[in-house]
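The values are calculated or read from the model by the stated rules, or taken from the named source; none is laboratory data. This is a predicted model, so every value here is computed, not measured. Because the Cβ atoms are built from the backbone with ideal geometry, glycine has one as well, and the counts that use them run over all protein chains shown. The accessibility values were calculated without ligands, DNA or RNA, using every heavy atom of the protein model including side chains. Shrake-Rupley method; radii C 1.70, N 1.55, O 1.52, S 1.80 Å.
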Amino acid sequence: MRRFVLTALLCAPLLAGCSSEESGAPGSDSASLEPPAAGGGLQYRMVSTVAPGQEIERCKLFVAPPEGLTIRGDEVRFSPGSHHVVLYKTAYKEIPAETRDGVRVDAAEVHDCNSGATAAWEITGVVAGSQSFGGDSFLGDLPDGVALKVEPGTVLVMNTHYLNATPEPIVADARVNLYTMPPEQVEQEAGMLFHYNPFIRVPASGEASARMRCRIDEDISLVRIQSHMHRRGVGFAAHRVRGDGAMEEIYSNQTWEEVPVKVFASPLEVKAGEALDFRCDYVNPEPRDVAQGLTTRDEMCMLIGPYFPRRPEIDTCSDAEGRPAETWIGSGAATCAETLACVSAAASDAELYGCIVESCPGAAAEVSEALRCEFTAGRGACEDVCAHGDGCAACVAEACAADVAACEAAACGG
């Protein structure tokens, strides 16, 4: 089983790595963001110094108030040199003494987490954040009676990713304001879409696309949406897919920095049985292949935005067991059988990503079902066997036999 891909599928949707290469980008002064008025919310803040030429991710852990948080909106400011600030929630109820890899750290203070917050800590979702110096945030202002909830005493992780391209040290000051409302005024809970396509590979001096679709099984309303790519991203389009398959464009842009946010005048309704489909287009001027990953040398493709009412599986496009439920749509000509053969022969994650990119769109459903079965240890049937190593491949082959047979029979025109 391709464990590196499973890690990407389960962790990468929580926005890691993606700093600007220009630390002198204009932006609002983080110092101008004062904390909310007493009783109206709170502010989380991180301050650290970034050395000349240094690219670094840093984290700091906080504990939410004992009464929890009912958040009606956010506001984010950060000093130049970064492309995003994110506030995550975790499964912890007290700040751990060591990372997931067993590294001891005083996590209540600013510390390096250069592999990304999701690698260091048990992240369960996103609370707030921004990738815009202009102040456009992920959450924004939610409709009356709608709030994003943080359970009492939940540990939160604030994460920044800075690149100092100047010859002098910079002081990185990032602030997140959470504006709250009384719990008794909450009528519906909001969720946060973080739909992520890990299957990205752009050839040297070439072009490529990454496309993904997520079926929505219960009625929801989108409040606002935005994209996320790195510097090779030249185009993004998101569509609502009707029950009859008709595609309706709901958002597009051509930039990866200062990303525009689409705020719907009235929340956009997505009905049960419809889907959200998004595509990232890339042009790579570099003399090397670029694949999905966490740093500025890599690429990302993501659809972000708050919606209501919240359904945990919709947040990251997963099933009831938390396993990936998306459909990955290639832009090449390889059949499903050829794609599986390519995946089996792949010697690296980048090669594997390229296999999916080069698959034909007409067999996307079969490709996705077969890969999903393999990546999740036969949809969980082989988890115990694979945990011990011996017999894993045989167990997965048996558990996924029907999916592989359907894949081998699939035609690109189907």
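Restricted to region 306-330, and to residues there that are assigned to a strand (DSSP E or B) and at pLDDT below 95, the residue that is nearest to P203 (Cα to Cα) is P324. Taking into account only those residues within region 142-169 that are under 22 Å from M46 (Cα atoms), among the β-branched types (V, I, T) and open to solvent by less than 30 Å² (accessible area, probe 1.4 Å), which is modelled with the lowest pLDDT? Among those that are under 22 Å from M46 (Cα atoms), among the β-branched types (V, I, T) and open to solvent by less than 30 Å² (accessible area, probe 1.4 Å), it is T160. Within region 77-84, not a single residue is crowded, with 18+ Cβ neighbours inside 10 Å and either without any contact (Cβ under 8 Å) to a residue 24 or more places away in the chain or of a type in the set (A, V, I, L, M) (or both). When region 263-303 is limited to residues that are free of Cβ contacts under 8 Å to residues at least 40 places away in the same chain and over 21 Å from T118 (Cβ atoms), the one that is most open to solvent (accessible area, probe 1.4 Å) turns out to be A265.
Taking the stated definitions as given, is A377 open to solvent by less than 50 Å² (accessible area, probe 1.4 Å), at pLDDT 95 or above and touching a helix residue (DSSP H, G or I) at 6+ places or on another chain (Cβ under 8 Å)? Step through it out loud before you land on a result.
Numbers: open to solvent by less than 50 Å² (accessible area, probe 1.4 Å): yes; at pLDDT 95 or above: no; touching a helix residue (DSSP H, G or I) at 6+ places or on another chain (Cβ under 8 Å): yes.
Answer is no for this residue.
Being surrounded by 18 or more Cβ atoms within 10 Å (Cβ to Cβ), part of a strand (DSSP E or B) and at pLDDT 90 or above, is that true of even one residue in region 14-33? No, there is no match, as no residue in region 14-33 is surrounded by 18 or more Cβ atoms within 10 Å (Cβ to Cβ), part of a strand (DSSP E or B) and at pLDDT 90 or above. Here V241 does not qualify as open to solvent by 40 Å² or more (accessible area, probe 1.4 Å), over 16 Å from the mean Cα position of the chain (by Cα) and touching a residue at least 12 places away in the same chain (Cβ under 8 Å).
Yes or no, residue by residue, for (1) within 23 Å of S318 (Cα to Cα); (2) of a type in the set (D, E); (3) assigned to a loop (DSSP other than H, G, I, E, B); (4) in contact with an Asp or Glu (Cβ under 6 Å, 6 or more places away or on another chain):
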| position | (1), (2), (3), (4) |
| --- | --- |
| A204 | no, no, yes, yes |
| D217 | yes, yes, yes, no |
| S221 | yes, no, no, yes |
| R231 | no, no, yes, no |
| G235 | no, no, no, yes |
| R279 | yes, no, no, no |
| T295 | no, no, yes, no |
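The conditions of being among the β-branched types (V, I, T) and modelled with pLDDT under 95 are met by V259.
For region 64-100, the set of residues classified as at pLDDT below 90 and outside any strand (DSSP E or B) consists of S79, P80, G81, listed by residue number.
Mind listing whichever residues of region 329-351 are of a type outside the set (V, I, T), under 24 Å from the mean Cα position of the chain (by Cα) and crowded, with 24+ Cβ neighbours inside 10 Å?
G330
Of the residues making up region 380-403, just one is open to solvent by 50 Å² or more (accessible area, probe 1.4 Å) and in contact (Cβ under 8 Å) with a residue 40 or more places away in the chain, namely A393. Of everything in region 307-318 that is of a type outside the set (S, T, N, Q) and open to solvent by less than 50 Å² (accessible area, probe 1.4 Å), the residue that is farthest from P267 (Cα to Cα) is C317. Of all the residues in region 254-280, those that are under 24 Å from F308 (Cβ atoms) and of a type outside the set (A, V, I, L, M, F, W, C) number 9. Of all residue pairs spaced 6 or more apart or on separate chains, those with beta-carbon atoms under 7 Å, a first member in region 356-372 that is without any contact (Cβ under 8 Å) to a residue 40 or more places away in the chain and a second member that is of a type in the set (S, T, N, Q) and buried (at least 23 other Cβ atoms within 10 Å of the Cβ) are S359/T339.
Filtered by the rule that a residue be in a loop (DSSP other than H, G, I, E, B), buried (at least 23 other Cβ atoms within 10 Å of the Cβ) and out of contact with any Pro (no Cβ under 6 Å at 6 or more places or on another chain), region 117-141 gives W121, Q131, F138. Given the conditions (1) buried (at least 18 other Cβ atoms within 10 Å of the Cβ); (2) touching a Phe, Trp or Tyr at 6+ places or on another chain (Cβ under 7 Å); (3) under 23 Å from E274 (Cα atoms), and given that R232 satisfies all but one, which numbered condition is not satisfied? It fails just one condition, (3).
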